[in-house]
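The values are calculated or read from the model by the stated rules, or taken from the named source; none is laboratory data. Source: prediction; values computed, not measured. As a convention, Cβ positions derive from the backbone with ideal geometry for all residues, glycine included, and neighbour counts pool all protein chains shown.
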Amino acid sequence: MPQASPHLMQAAIDHLFRFDPLVVATTHSAMAQDPEAFMPKALRGYLGLMASERRDAFSGVRALQGARPETAEERAHAAAIDAWIKGDWHAASRILDASLAEAPTDALALLVGHQLDFFLGEARNLRDRVARALPHYEGERRGYVLGMSAFGLEECGDYRQAEADGMAALDSDPQDVWAIHALTHVNEMLGRTEAGLGFLEARRPSWARDTLLRIHCTWHRALFGLELMDHEGSFAALDTVLTGPDTGDSALSMADAGSLLWRLHLDGVDVGDRWTRLADAWAAKDSAPWYVFNDLHALLAFIGAGRMTEAAQRLAELEDLVRAPGGEGSNWLATATAGLAVARGLLAFGRQDHGAVVRHMAPVRHQLSIFGGSHAQRDVFQRTLLVSAIRAGETALARNLCAERLADRPASVWAGLQMKALTPLDR
C-alpha cells in the first residue's frame with residue numbers, strides 16, 4: 001500500500017510554522033496521496049478546530065471518520081482531537097503535553113498545543129510547553145520555536161527575554177510572522193507606540209503578504225495608531241483589510257474588526273455602516289455556544305449596530321449554557337467564570353447603564369484570561385470598564401484603572417485623555 005509522502009506532511013507542518021495559507025492545500029494533497037494515512041487527517045482535523053468555530057471544528061474532524069491510529073503519537077493525536085471536539089479543550093492540552101514529554105520533536109503536537117494554550121488563556125503553558133521542547137530543535141525549525149517562545153514569554157511579562165528570542169527567530173527567518181507578531185505584542189505591552197509602529201512598518205513586506213496573520217498584524221498596526229488617537233489611520237486599516245472584500249468570514253478576523261470598531265466607539269467616533277456589515281456577518285454564523293471569546297465579539301457587533309434584541313438573545317444563550325444541569329467543559333468554565341459577567345456588562349453598556357457595567361465587569365477584571373486571547377485582545381474589555389467607570393462617576397476605580405494603564409504605557413495619549421476626563425468629577 002502506498003504511504004503518504006513524508007515530504008508533503010512535513011511541508012504542511014512547515015507551512016503551519018510560517019502561518020502560510022498553503023497549509024490547507026498541502027494537507028489535502030497529503031490526504032489525497034494516501035487516503036489511509038492517519039496524520040494528514042489529524043492535521044485536517046486540527047485546522048478545523050483551530051479556526052475556533054463549531055462549524056469548522058466538526059467539518060475538520062469528519063476527516064478522521066474511520067481513521068486508524070497505529071503509533072503512540074497517532075493515538076495521542078486521536079485522543080486530543082476527540083477531547084477537543086467533545087468540549088474538553090483542557091484535556092486535549094494535557095494529552096498533547098504528555099505526548100510531547102515522550103516525543104518532544106512532534107512538531108504538530110507543539111504547534112497545536114501552542115494554539116490551544118492561546119485559546120485557553122494559559123499563559124504559563126504558552127511559555128513552558130515551548131521551553132520544554134526548544135532544546136530538542138535545531139536548524140530552521142528551532143528558529144520558529146524561538147518565535148513561539150517569544151510569544152509565551154511576552155504573555156508572562158518577561159519582555160526582555162521575549163525580545164531576545166523574537167529577534168533570534170528573525171535572525172533565522174526574517175519573514176517569521178509569528179515572531180514579528182510576538183515582538184509587536186512586546187511593544188504593545190511596554191507602551192512603545194512609536195517603536196511599535198516603526199517595527200511593523202519596517203517588517204511590512206513580511207506580514208502584509210499572503211499570510212494567516214496579515215489581518216491580525218494590520219489590527220495591531222491600528223492599535224498603535226489608536227494609542228495616538230489616530231482615528232483616520234484606524235479607518236484605513238478597517239476598510240483595506242479588516243472589513244475589506246478579501247477577508248472572508250473568519251471569526252478570528254471578525255473579532256479583530258469588532259474589537260477595533262468598539263475602541264473607536266468608546267472614543268465617540270462615528271463608524272458609519274461598518275457595524276451593520278459586521279453584525280450581519282456574525283448573525284449568519286452558528287450561534288450555539290462554542291468559544292465564548294467569539295460570542296463576546298459578536299456582542300460588540302450587535303450592540304454597536306444597535307441590534308439589542310440579537311445581543312440579548314446571544315446573552316440568553318450564554319445564560320442557558322451556564323444554567324444547564326451538569327455543566328462542564330472548557331467553554332462552560334470560561335463562560336461561568338468571567339465570560340458571562342463580561343457579556344452582561346456589554347449589554348449594560350449598550351443600554352447606557354454604566355453603573356451596571358462596573359458591577360458586572362469590575363469583579364472579574366483580573367480573570368479575563370480564562371476565556372482566551374492575548375492581553376492586547378482582552379484590553380477592549382478593560383477599556384470598556386474604564387470608560388463606564390468614568391461615565392458612572394466611579395471616580396476612585398476610574399483613577400486606579402487609569403493609573404495602571406499609565407504605569408504600563410506612560411506615553412499613551414488615550415490613557416492620558418481618560419485621566420483628564422476625570423477632573424470635572426473631582427470638583
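Descriptive notes on the structure:
- Residue count for region 193-212, restricted to those that are surrounded by fewer than 18 Cβ atoms within 10 Å (Cβ to Cβ) and outside any helix (DSSP H, G or I): 3
- Those residues of region 203-224 which are closer than 13 Å to VAL177 by Cα, without any contact (Cβ under 8 Å) to a residue 40 or more places away in the chain and of a type outside the set (D, E, K, R), in sequence order: PRO205, SER206, TRP207, ALA208, THR218
- Residue in region 161-179 that is on the phi > 0 side of the Ramachandran plot and not assigned by TED's automatic domain parsing to the domain that holds ASP117 present: no
- Of all the numbered requirements in (1) surrounded by fewer than 18 Cβ atoms within 10 Å (Cβ to Cβ); (2) aliphatic (A, V, I, L, M); (3) farther than 21 Å from ASP379 by Cα, VAL130 misses one, and that requirement is (1).
- Selection within region 88-143 - closer than 14 Å to GLY372 by Cα and touching a His at 6+ places or on another chain (Cβ under 8 Å): LEU120, LEU126
- ALA12 vs. criteria crowded, with 20+ Cβ neighbours inside 10 Å and over 30 Å from ALA288 (Cα atoms): yes
- Residue-level check: of (1) within 27 Å of ALA195 (Cβ to Cβ); (2) in contact (Cβ under 8 Å) with a residue 24 or more places away in the chain, GLU122 misses just (1).
- Residue ID - farthest from ALA407 (Cα to Cα), chosen from residues in region 191-226 that are out of contact with any helix residue (DSSP H, G or I) (no Cβ under 7 Å at 6 or more places or on another chain) and of a type in the set (A, V, I, L, M): LEU212
- Within region 248-295, the set of residues being among the hydroxyl-bearing types (Ser, Thr, Tyr), assigned to a loop (DSSP other than H, G, I, E, B) and out of contact with any Ser or Thr (no Cβ under 8 Å at 6 or more places or on another chain) comprises SER250, SER287.
- Taking the criterion of being more than 17 Å from the chain's Cα centre (by Cα) and under 18 Å from SER253 (Cα atoms), the residues of region 24-56 that qualify are VAL24, ARG55.
- Scope region 63-91; condition at pLDDT 95 or above, over 16 Å from LEU110 (Cα atoms) and basic (Lys, Arg); matching residues: LYS86
- Some residue of region 409-416 being within 30 Å of SER330 (Cα to Cα) and in the same structural domain as GLY329 (by TED's automatic domain parsing): no
- Given (1) surrounded by fewer than 23 Cβ atoms within 10 Å (Cβ to Cβ); (2) touching a residue at least 40 places away in the same chain (Cβ under 8 Å); (3) under 21 Å from VAL130 (Cβ atoms); (4) not aliphatic (A, V, I, L, M), number of the condition SER172 does not satisfy: (2)
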